[in-house]
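Heads up: the structure comes next, in structure tokens.
We did not get these values from a lab; they are worked out from the coordinates using the rules stated. Please read all numbers here as calculations on a predicted model, not as lab measurements. Counting neighbours? That spans all protein chains shown, and the Cβs are built from the backbone with ideal geometry, glycine included.
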Amino acid sequence: MNKLINNFEALLRQGQDNALLRFGLGNAYFKQKDFAQAAQHFAKAIEFEPQYSAAWKNYGKALTENQQIQEAIQVYTQGIAVAESKGDKQAAKEMMVFLKRLQKMVNS
């Protein structure tokens with residue numbers, strides 16, 4: 001485990017649990033290619049802040065990398081709706097690209 005993950009995990013143990021911390025942990029685990037752990041932390045970030053477009057996008061990416069394709073499709077679909085509802089056009093556009101790739105993969 002790297003130092004960043006250790007620091008974030010220490011903050012969690014101290015009770016400092018929030019969307020930003022979980023997003024950071026998700027990114028750190030994603031970089032370590034621990035996609036299952038990354039997905040769990042992105043999911044928790046969304047629990048804290050359901051309108052967190054970047055967390056939705058990275059959650060879908062982690063699920064995709066973990067071969068959880070149907071779950072990723074659902075997450076991207078929800079994430080697009082969230083991003084559009086708050087006017088986050090760039091995140092919505094990116095998630096649409098990822099969603100279309102997955103749908104193509106599933107339908108081929």
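Quick check on my filter: what residues within the stretch 54-99 are of a type in the set (Lys, Arg), without any contact (Cβ under 8 Å) to a residue 12 or more places away in the chain and under 25 Å from Tyr29 (Cα atoms)? Lys93, the sole residue that qualifies. Within the stretch 40-69, being of a type in the set (S, T, N, Q) and under 15 Å from Lys100 (Cβ atoms) holds for one residue alone: Thr64. All of (1) touching a residue at least 24 places away in the same chain (Cβ under 8 Å); (2) of a type in the set (Asp, Glu); (3) over 24 Å from Lys89 (Cα atoms) hold for Glu49 with one exception: (3).
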